[in-house]
Amino acid sequence: MAKMIPMIGSSEAGPLGAMHLPRLWLKVSLSAAGQLNDEYDACGAGFDQMVLDGLGVDRDAAVDFISSSRPTYPQFEQWVVDQNGGSIDQSVIDASNAAIAGYEHGDDIVAAISEGAGTNADHAIKDAVTLNALEDWSDFHASLSG
């Protein structure tokens with residue numbers, strides 16, 4: 001079976017409203033099943049860690065829960081809420097979302113992603129959410145012909 005590119009973007013949010021959380025769940029789920037494309041981290045130090053920190057969730061516990069329990073996405077969201085004593089204040093979710101939406105890649109990463117995706121020649125796009133999506137789409141397209 002071919003390994004998959006995670007095609008849920010970082011700007012996506014589930015019912016809880018937390019951006020990037022669905023992508024994190026997808027990547028860890030794919031990795032646990034041995035189906036995550038080798039170019040992707042199951043749970044990396046960037047947006048994955050940002051959303052976990054923003055929502056007050058331990059990284060190792062989240063990876064273990066997803067890997068061992070294989071929850072649906074709503075079950076994972078409920079687990080995240082449970083890790084916070086049964087509720088997460090909207091201001092916490094808003095702050096996490098703002099950190100993700102406002103994050104910009106450094107010039108070297110902007111250049112690498114832009115060149116790899118064949119766009120953004122003047123490197124004007126710096127926001128990481130958009131650049132990461134461009135990278136996913138480029139990787140997906142390359143996987144079709146490879």
Taking segment 126-136 as the search range and keeping residues that are free of Cβ contacts under 8 Å to residues at least 60 places away in the same chain and either in contact with a helix residue (DSSP H, G or I) (Cβ under 6 Å, 6 or more places away or on another chain) or part of a helix (DSSP H, G or I) (or both), which one is surrounded by the most Cβ atoms within 10 Å (Cβ to Cβ)? LEU131
Being of a type in the set (Phe, Trp, Tyr) and either touching a residue at least 24 places away in the same chain (Cβ under 8 Å) or open to solvent by 80 Å² or more (accessible area, probe 1.4 Å) (or both) is the filter here; which residues of segment 36-72 pass it? TYR40, PHE47
(1) loosely packed, with under 13 Cβ neighbours inside 10 Å; (2) in contact with a Cys (Cβ under 9 Å, 6 or more places away or on another chain) all hold for LYS27 apart from (1)
Residues of segment 73-118 satisfying the condition of being among the hydroxyl-bearing types (Ser, Thr, Tyr), closer than 18 Å to HIS20 by Cβ and either open to solvent by 60 Å² or more (accessible area, probe 1.4 Å) or without any contact (Cβ under 8 Å) to a residue 12 or more places away in the chain (or both): SER91, TYR103
Tally, over segment 40-59, of residues that are out of contact with any Ser or Thr (no Cβ under 8 Å at 6 or more places or on another chain) and among the aliphatic types (A, V, I, L, M): 3
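Please determine whether any residue of segment 61-79 is part of a loop (DSSP other than H, G, I, E, B) and under 24 Å from ALA101 (Cβ atoms).
no
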Considering only residues that are outside any helix (DSSP H, G or I), without any contact (Cβ under 8 Å) to a residue 40 or more places away in the chain and within 22 Å of GLY102 (Cβ to Cβ), which ones fall in segment 5-35? ILE8, GLU12
Taking segment 36-45 and keeping only residues that are hydrophobic (A, V, I, L, M, F, W, C) and in a loop (DSSP other than H, G, I, E, B), one is left with ALA42, CYS43, ALA45
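The values are calculated or read from the model by the stated rules, or taken from the named source; none is laboratory data. Values in this document were obtained by computation on a predicted structure and should not be read as measured data. All Cβ positions, even for glycine, are placed from backbone atoms using ideal geometry, and neighbour counts span all protein chains on display. Heavy atoms of the whole protein, side chains included, go into the accessibility calculation; ligands, DNA and RNA do not. Shrake-Rupley method; radii C 1.70, N 1.55, O 1.52, S 1.80 Å.
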